[in-house]
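**Q** One structure coming up, written as structure tokens, with questions to follow.
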Amino acid sequence: MVNELYPYIVEFEEEAKSPGLETHRKRKRSGNSDSIEGDAAQEAEPSTGLAPGSDPSQCSVPTKKGKDASTKKESLGHWSQGLKISMQDPKMQVYKDEQVVVIKDKYPKARHHWLVLPWASLASLKAVTREHLELLKHMHTVGEKVIADFAGSSKLRFRMGYHAIPSMSHVHLHVISQDFDSPCLKNKKHWNSFNTEYFIESQAVIEMVQEGGRVTVQDGMPELLKLPLRCHECQQLLPSIPQLKEHLRKHWPQ
DNA sequence: GTTCTAGAAC
DNA sequence: GTTCTAGAAC
């Protein structure tokens, strides 16, 4: 029996379409202003037929050090835009459908760590309204499906949620196993971003939008990232990252 | 978001 | 002396 909700599980398929890129460009051209991302940054495509100097809104930096334009780091190449690029790459895609795509986090903070991203241009949770409610629910459902498909036989517990103040542009739902067994988990900020209220449960975001029509983030989020390291399973305080990691081993299943 | 590394902490 | 953290980075 084929589940019609998930017809596009991608495994070895390379030729899959990338509707997001096309849609996004079209919107920008047509002057549709539903995107609140203030980035002339995304226009750094070399072959759009738009003359580089013809857009006064593009405050591009004059060529430095005699490097050619392809080495410019300010626009598409900026690290904060990385998800927009990764989500288009078929090699990164673990799942996709008409609304969302799932990729593995490039620097996973646990044995399993995926990101669910909408194709639609959504800069952050600040841009989310009731019209995105079904999308948020779908992202949640897809997250559960990815867990079932790729870690279904594992004993690991999972959580799904959003960072209160994400570093990377474009709304992304973290789907992460609770072992936190990863060499990429290196500092207090990493730990606290997943183990304090800085991590906002997917379900909570859905309910916020359902009740209030938008997502509000409480004050004091940056301070949460500096809290002492505390085990998420037994609440024990640990004095350093290496000692936290050693401690976490005793909560691993089996 | 990461890398790099000075100097604090041990 | 070594480990570890935390702030700057083109």
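**Q** Working out 0.36 nm times the residue gap between A:LYS106 and A:ALA204, then minus their Cα-Cα distance, what length gain in nm do you get to one decimal? Numbers along the way, then the final one.
**A** Details: separation 98, 0.36 × 98 = 35.28 nm, distance 2.56 nm.
Between A:LYS106 and A:ALA204, full extension yields 32.7 nm more.
**Q** Using per-residue counts of other Cβ atoms within 10 Å, averaged over each peptide, order A:175-183, A:211-219 from highest down.
**A** Numbers: A:175-183: 20.7, A:211-219: 11.9.
So the order, starting with the most tightly packed, is A:175-183, A:211-219.
**Q** Still on this model: Residue by residue, what Karplus-based ³J(HN,Hα) values in Hz, rounded to whole numbers, does the range A:166-183 have, using 6.51, -1.76 and 1.60 with θ = phi - 60° and x for Gly and Pro?
**A** Along the range A:166-183, the couplings run x, 7, 9, 5, 5, 3, 9, 8, 7, 10, 9, 6, 8, 7, 6, 9, 7, x Hz.
**Q** Okay, next question. Determine the dipole magnitude for the range A:152-254: charges of +1 sit on the beta-carbon of Lys and Arg, -1 on that of Asp and Glu, nothing else is charged, the reference point is the Cα centre, and the result goes in debye to the nearest 20.
**A** On the way: 12 positive and 10 negative charges, 89 e Å.
Here the range A:152-254 has a charge dipole of around 420 debye.
**Q** What residue among A:SER169, A:THR141, A:ASN192 has its Cα farthest toward the positive end of the dipole of the range A:134-254, where the charges are +1 on Lys, Arg and -1 on Asp, Glu, each on the Cβ?
**A** A:ASN192
**Q** Pop out the ³J(HN,Hα) list for the range A:110-126 in order, Karplus 6.51 cos²θ - 1.76 cosθ + 1.60 with θ = phi - 60°, rounded to Hz; leave Gly and Pro as x.
**A** So the J values, rounded to whole Hz, are 7, 4, 10, 8, 10, 10, 9, 10, x, 5, 4, 6, 10, 4, 7, 5, 5.
**Q** Pairs to check: A:LYS91/A:LYS137; A:LYS226/A:LYS250; A:LYS96/A:LYS226; A:LYS96/A:LYS188; A:LYS84/A:LYS186; A:LYS106/A:LYS245. Give those whose C-alpha atoms are more than 31 Å from each other in this structure.
**A** Details: A:LYS91/A:LYS137 26 Å; A:LYS226/A:LYS250 24 Å; A:LYS96/A:LYS226 36 Å; A:LYS96/A:LYS188 33 Å; A:LYS84/A:LYS186 25 Å; A:LYS106/A:LYS245 20 Å.
With Cα atoms farther than 31 Å apart: A:LYS96/A:LYS226; A:LYS96/A:LYS188.
**Q** Skipping prolines and chain starts, which residues have an amide H placed within reach, meaning under 5 Å, of the one on A:VAL100, given they are 5 or more residues away or on another chain?
**A** A:TRP119
**Q** Here's another thing I want to ask about it. Could you go through the range A:143-149 in sequence order and give the Karplus-derived ³J(HN,Hα) for each residue, using 6.51 cos²θ - 1.76 cosθ + 1.60 with θ = phi - 60°, rounded to whole Hz, and x for Gly and Pro?
**A** Calculated HN-Hα couplings, in order: x, 5, 5, 5, 4, 4, 6 Hz.
**Q** What does the highest-first list of A:109-119, A:230-240 look like by mean Cβ count within 10 Å?
**A** A:109-119, A:230-240
**Q** Below 8 Å, C-alpha to C-alpha, sequence gap of six or more: please give me the relative contact order for the range A:87-185 in percent. Provide the component values of the computation, followed by the final result.
**A** On the way: 146 pairs, mean separation 34.7, N = 99.
Reported relative contact order: 35 percent.
**Q** Say each of A:SER167 and A:ASP149 gets a label point 7 Å from the Cα, pointing the same way as Cα to Cβ; how far apart are those two points in nm?
**A** Distance between label points: 2.9 nm.
A short reminder: the numbers here are calculations on the coordinates, not readings from a lab. What you see is a predicted model; the values in this text were computed from it and never measured. Please note: Cβ atoms are built from the backbone with ideal geometry, for glycine as well, and neighbour counts cover all protein chains shown.
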